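Everything below concerns the one structure shown next.
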Amino acid sequence: QVQLEESGGGTVQAGGSLRLSCTMSGRTLDDYTMGWFRQSPGKERDFVGDISWYRHSRPRYADSVRGRFFISRDNAKNTVVLQMNSLNAEDAGIYYCVASEVMEPESRSGYPYWGQGTQVTVSS
C-alpha cells in the first residue's frame, strides 16, 4: 500500500527558506502525481502545488506560492521535494504530502493518499 512520510519541517525566520521532503513506501513514486497541501490553525487545508505523473506536464502552484515554492522529484530516493523560499507568516502551518493516480487532480478529494504532515513555523 502507498505510504507517505514528510520531513524537513521546523522554524524559519521570515524571508528564509525551508526544504520539505516526502518519501513514498510501497509503490514507485514516479508513477504518481505528487503534491502538497497546507493548513493553518482554524483554516481549511489549501492546495500548495503538485507535479504530475505525466512527464510533459509542468508543476502546478497556488497563486500565493508561485515563484517562491518549487516542487521536484528525486526518483532515486523515491522522494518529492518542496523547496520553499521567501517565507512569510502566511506560509506557516502543517504541510501534508499527497499522492494521486490522476494526471491533474481538481480538488482535495482527487488525492487519496496523505502523509501525517510536518509543521512549518515562521518567526519574525
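Where a number appears in this text, it was derived from the coordinates with a stated rule and is not lab data. Since the model is a prediction, treat every value here as computed from it, not as a measurement. Note: ideal-geometry Cβ built from the backbone for every residue, glycine included; neighbour counts use all protein chains shown.
If you average the sequence gap of Cα pairs under 8 Å that are 6 or more apart and divide by the length of the chain, what percent do you get for the contact order? It would help to have the intermediate numbers written out before the result.
Working: 298 pairs, mean separation 43.7, N = 124.
So the answer I get is 35 percent.
The Kirkwood radius of the chain, taken over pairs of alpha-carbon atoms, gives through the Stokes-Einstein law at 4 °C and 1.567 mPa s a diffusion coefficient of 91 µm² s⁻¹.
What FRET efficiency comes out for the pair Q119/S25, r = Cβ-Cβ distance, R0 = 25 Å, nearest 0.05?
The calculated FRET efficiency here is 0.70.
For the stretch 28-93, the Cα-based Rg and Dmax, in that order, read 12.6, 37 Å. Counted over the stretch 79-124 with a bin width of 10 Å, the fraction of Cα pairs per bin, in whole percents, is 22, 44, 30, 4. In this rough spin-label picture, where each label sits 7 Å from Cα along the Cβ direction, the Q3-R68 distance is 3.4 nm.
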